[in-house]
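**Q** Right, I'll just put the structure down here and ask away after.
The values are calculated or read from the model by the stated rules, or taken from the named source; none is laboratory data. Computed from a predicted model, the values in this text were never measured in an experiment. Note that each Cβ is placed from the backbone with ideal geometry, even for glycine, and that neighbours are counted across all protein chains shown. The protein model used for the area step is the full one, side chains on, heavy atoms only, and it has no ligands, DNA or RNA in it. Shrake-Rupley method; radii C 1.70, N 1.55, O 1.52, S 1.80 Å.
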Amino acid sequence: MKHIAKKALELGLIAFSSVALLSCSAEAPIRTAKYAEQGLYSAGLSDDGSSALIGSVQHGGSYWVNAVNERRFNWNHAAGEFSSIVGVDIDPSGLYAATGGARTLVLWNTTTGMSEGFWSTPGDIQSLKLTQNGNNALIGLNDQTARFFDIKNGGIKQTLRTGATVRAVDVMSDGSIGITGDDLSNVILWNLQTGEKIHQWTLSNDIASVALSSDGKYAFGAAQLGNAKIWSTRDGKELTNIDTGALQYRNVTLSQAVFSQDNRFILVGGMNSTVSLVQVSTGAIQKEWRIYLPKGRPAGASVLALSFAPGNRYYAIGSNGYLNVLE
């Protein structure tokens, strides 16, 4: 690369469980806001839901303050044009954000709005996640690798070879371990200091989403139109099986997931416009919501970003360009 771009429960308390999504009544958002006119390529939320970063179909990249629905910055990769932003993230501190184009990666300062690193990538970006203070980025590429990259100074720290396009990634805030999901149906946990595999799990189809708990004790992975599971990263054992096939006998693709800070819950969002709050230890659904769908087309929307917020509130962004506040 060069210039040019989440107190854990004890493992003994975790029981195998099966979750039937959409089994209870879905509630509506308490507030929505329109962030894009013609839908989104990508979206990200800060850990507390206070800010959002989107890559819209019509207007490129933009950074938002959610309390007042204010577009604070417009971020594009070339002057005078709206870039196709296919991957975005806000770092755990909220001080930095990253946008990924086809083969460009840019680090932004969320206070000043200025770029602090502009890089080219060896493959097309599919997904990206930042470590604390935006020091490093784990990026999933279509060249059958994920790269752990020093996004502030430049330089590839690790090249993680999967043998297939890497569709989904997540990383510990300290950069110690990362997780990838690829088109060979594999979810892989990596030691990012050595580049070695820690665990590898295989699901029923290409991987749509992955997530790590903030302390790195739990991992999540979901297959496209297939199964979804939670594992212990300590011993690699399966803890919870999430049954995604409760909607009209068709499996629902879970497009996003995020663990709560205390690891008691996982918030999952699907390509069927639904967000579910699931108890990690039992697999029981605590609550469900359907994100806002305006009249007309498109009739549905995928969940592109999720976050837990203070006061038992949750945030979700749909591919139709709407921010949803859930309670």
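**Q** With Rg and Dmax of the Cα atoms in Å defined as stated, name the option among (1) 23.9, 74; (2) 18.1, 56; (3) 25.8, 112 computed from the structure displayed.
**A** For Rg and Dmax of the Cα atoms in Å, the calculated option is (2).
**Q** What shape does the stretch 156-287 have by the C-alpha gyration tensor, where a ≥ b ≥ c are the square roots of the eigenvalues, rounded means a/c under 1.5, and otherwise prolate means a/b greater than b/c and oblate the rest? Could you put the intermediate results ahead of the total?
**A** Working: a/c = 2.01, a/b = 1.38, b/c = 1.46.
Note, shape of the stretch 156-287 comes out oblate.
**Q** Can you grab the distance from the C-alpha centre of the stretch 86-118 to the C-alpha centre of the stretch 267-324, Å, no decimals?
**A** With the stretch 86-118 and the stretch 267-324 each reduced to a Cα centre, they are spaced 24 Å.
**Q** Using only the heavy atoms of the protein chains and a 1.4 Å probe, how would T112, T32 rank by accessible area, largest first? Before the final figure, lay out each step's value.
**A** On the way: T112 75, T32 55 Å².
Most to least solvent-accessible, the answer reads T112, T32.
**Q** With a cap of 13 neighbouring Cβ atoms within 10 Å, and only residues DSSP puts in a loop, list the trypsin sites (Lys or Arg not before Pro) found in the stretch 275-326. Mind showing how you got there, number by number?
**A** Working: sites: K287, R290, K295, R313; in loops: K295.
Filter output for the stretch 275-326: K295.
**Q** D124's amide H: which non-local residues (gap 5+, or another chain) put their own amide H closer than 5 Å, with H modeled 1.01 Å from N in plane and none for Pro or chain starts?
**A** Here N142, D143 satisfy the definition.
**Q** With the full set of protein chains in place, find how many percent of the accessible area of the chain is carbon and sulfur; take the probe as 1.4 Å. Don't skip to the answer; put the middle values down first.
**A** Working: 6080 of 13220 Å².
Carbon with sulfur: 46 percent of the solvent-accessible area.
**Q** What accessible area per residue, rounded to a whole number of Å², is obtained for the stretch 190-327 using a probe radius of 1.4 Å? All intermediate terms of the calculation are to be shown ahead of the outcome.
**A** On the way: 5550 Å² over 138 residues.
Heavy-atom accessible area per residue stands at 40 Å².
**Q** State to the nearest 20 debye the size of the charge dipole of the chain about its Cα centre, where the only charges are +1 on K and R beta carbons and -1 on D and E beta carbons. Don't skip to the end; give the middle numbers.
**A** Numbers: 26 positive and 26 negative charges, 59 e Å.
So the magnitude is around 280 debye.
**Q** Which Cα, out of A164, I125, T180, lies furthest along the positive dipole direction of the stretch 43-180 (beta carbon charges, K/R +1, D/E -1)?
**A** A164
**Q** Okay, next question. Let's test the formula: R0 of 22 Å, r as the Cβ-Cβ distance of D143 and L225. What FRET efficiency results, to the nearest 0.05? Could you put the intermediate results ahead of the total?
**A** Working: r = 25 Å, r/R0 = 1.14.
After rounding to 0.05, the efficiency reads 0.30.
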